[in-house]
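Working notes, beginning with the structure itself.
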Amino acid sequence: MPDVVIARTEATKQVDAGYEMTDVRARFRQVLRYTSIPPVLYMKKLLLVTLLATSFIAKGQLIDSLNTARNCSYMKAEEKEMIYEINRLRSNPRSYLQYIEPMLSRARNILKNYGKGSKNYSLTYTMRTVGGKESNTIDTTWHYTNEEEVKALSTLVNDLKKLKKLSVLQPDSGISNAAQKHARDQDAHEWKLMHTGSDGSSPWDRILKYSPSMSFGNENIAGRGGMSATPRDFVIQLLVDSGIPGYGHRYNILDPQWTHAACVMEDFNGMNWCIQNFGQKR
């Protein structure tokens, strides 16, 4: 089993979570509302309408192809939306620059106007298996909040600009069962378990147990307080990964080896929680 670094961040970031939707019929009405059109211009308009329709239908099919969990009965609507959002990111990493670049601009202004920020720390839990024996270590990393936010966002912008298209993830009922099991375990322990279950199980233990067709798997966990969090809020939070050494959550989402995924979204004592589980098919 390879060395795996797992960590958790309590950072919260509020972003606009609006989806871009295209109503083909509305666009048809917009083009066809002109009634007095000469025959030649009418044919040109008709050709334009046909081209527009073809373009929008193709776009709809592309979006539909990313919504791989739409027919899953074992995930809630917001969990299916999470799979769609992850696939949207993986299929076109540069598309997320529209959310991240404004955040970077604001973070730079805050750093310029208010300085490095308060001193904070993150804990990195490292689980290693050597010779069949597991060992766990905890490392503390200190940083200044405003300074770290700019660093995290800057590296993310660079990553998104360089990344090529990644595989679209398919849902998996076994991986979903693994995520749900850990969520129930977390509920029973006030979400203090991190990635290790109360039975001592690791993320890959649970994923391989409930989905034997996988060769490996891993997990992201994120929590947000205050107002309700959307799937996109969680994806952005884990992508930025401010304060987490090595940005492990980010590279977990963007790992090219994954073929399947599932997630759980829960509310517990005023906190919004998300578990993202990933797997690689044998």
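The values are calculated or read from the model by the stated rules, or taken from the named source; none is laboratory data. All of these numbers come straight from a predicted model, not from anything done at the bench. Here the Cβ is made from the backbone with ideal geometry for all residues, glycine too, and neighbour counts use every protein chain on show. Only protein heavy atoms, including side chains, enter the accessible area calculation; ligands, DNA and RNA are left aside. Shrake-Rupley method; radii C 1.70, N 1.55, O 1.52, S 1.80 Å.
Things to note:
- Restraint check, Lys119/Lys151; Lys80/Lys162; Lys165/Lys192, Cα-Cα greater than 24 Å: Lys80/Lys162; Lys165/Lys192
- Take the Cβ atoms of Val157 and Asp255, set R0 to 22 Å, and the FRET efficiency comes out at 0.70.
- Karplus 3J(HN,Hα) series, Hz, for the stretch 225-238 with 6.51 cos²θ - 1.76 cosθ + 1.60 (x for Gly, Pro): x, x, 5, 4, 9, 8, x, 5, 4, 5, 4, 5, 4, 6
- Neighbours of Glu147, meaning other residues whose beta-carbon lies under 14 angstrom from its beta-carbon, give a summed charge of +3 when Lys and Arg score +1 and Asp and Glu score -1.
- Put Ser73, Ser122 in order of accessible area, highest first, and with a 1.4 Å probe you get Ser73, Ser122.
- Estimated FRET transfer efficiency (Lys209, Asp139; beta-carbon r; R0 22 Å; 0.05): 0.20
- Computed over all pairs of different Cα atoms, the Kirkwood value for the hydrodynamic radius of the stretch 183-282 is 14.2 Å.
- Förster-model FRET efficiency, 35 Å R0, Asp64 and Ser228, C-beta, rounded to 0.05: 0.85
- For the pair Glu190 and Asn92 in one chain, pulling the backbone fully straight at 0.36 nm per residue adds 31.7 nm over the alpha carbon distance.
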